[in-house]
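Here is the structure we will look at.
The values are calculated or read from the model by the stated rules, or taken from the named source; none is laboratory data. A quick note: this is a predicted structure, and the numbers were derived from the prediction, not measured. Cβ placement follows ideal geometry from the backbone for every residue including glycine, while neighbour counts extend to all protein chains displayed.
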Amino acid sequence: MAALLPPPAATATGAAKGEFVGYVGELGGIGLSTNGRQSIAYLCNGTAQPVSLAQWFKGPVTSDGIDITNADGTHLVATVSAQAITGTVTLKGGFSSPFTARFDSDPGGGEGLLRSEQTFNGVRCLGGWILSEPFARAPAKSEALLTAATFPLLVGACPPTGCVRAIDDDDNRGGILNERTGALIVSPMPSNLVSVTVPGLGTFRITQCLQAQC
């Protein structure tokens, strides 16, 4: 299994760096990735049910923390420490909810924020997924076997024959934005860190967000 990381040290701005995952009350899950100077965050309420909220944020981290208003008018303000990012999300209509996103000490373990931008039939689609507390199980015969070489999360967590990532939709969030129409599309949760296929749309190649890069 990948070595667990100690809590991140402070940078020149006073902010820690790393990957953080949490929940924003009734609004959904949130994943944040920062290198101590820049941050990228995703708020989403989609699971197996229709997704109605999917918001991306990108901006600087200062000595005061994170303060970003995205193109949809949603405001994210937070403080960053070695163990957690704590703040508030306020929607354009005024509804506000606090959150705490905890530091992920094993960023290679499959937990965190995933992003994908793909074009299908001339339409750009932006996908995002927040994975929280993954676990492993032995694969069914119909499932592709994931080994340590292709999915480092599974090292030391699987039977010798291999295992697959088990998804609990109560702990994970994901959804896709049609950038032409603004429509939100339900997406399956990824079973690996490589790709996810959305019925009727296509296959999204996934990038894991690491220190504000994805």
Count, please, the residues in region 172-188 that happen to be outside any strand (DSSP E or B) and either more than 13 Å from Ser116 (Cβ to Cβ) or of a type in the set (Asp, Glu) (or both).
7
For the list (1) modelled with pLDDT under 95; (2) hydrophobic (A, V, I, L, M, F, W, C); (3) not assigned by TED's automatic domain parsing to the domain that holds Gly175, I need the number of the one condition that Trp129 fails.
(3)
Pairs needed: first member in region 175-200, basic (Lys, Arg); second member anywhere, in a loop (DSSP other than H, G, I, E, B) and surrounded by fewer than 18 Cβ atoms within 10 Å (Cβ to Cβ); C-beta distance under 9 Å; at least 6 residues apart or different chains.
Arg180/Gly122
Does Ala149 count as surrounded by fewer than 14 Cβ atoms within 10 Å (Cβ to Cβ) and modelled with pLDDT of 80 or more?
no
Conditions: (1) part of a loop (DSSP other than H, G, I, E, B); (2) at pLDDT 95 or above. Ala10 meets all but one. Number of the miss?
(2)
Are there strands (runs of 3 or more DSSP E) fully within region 46-89 with at least 3 residues that are free of Cβ contacts under 8 Å to residues at least 12 places away in the same chain? List them.
none
Regarding region 108-124, can at least one residue be identified that is more than 21 Å from Val51 (Cα to Cα), surrounded by 14 or more Cβ atoms within 10 Å (Cβ to Cβ), at pLDDT 90 or above and not charged (D, E, K, R)?
no
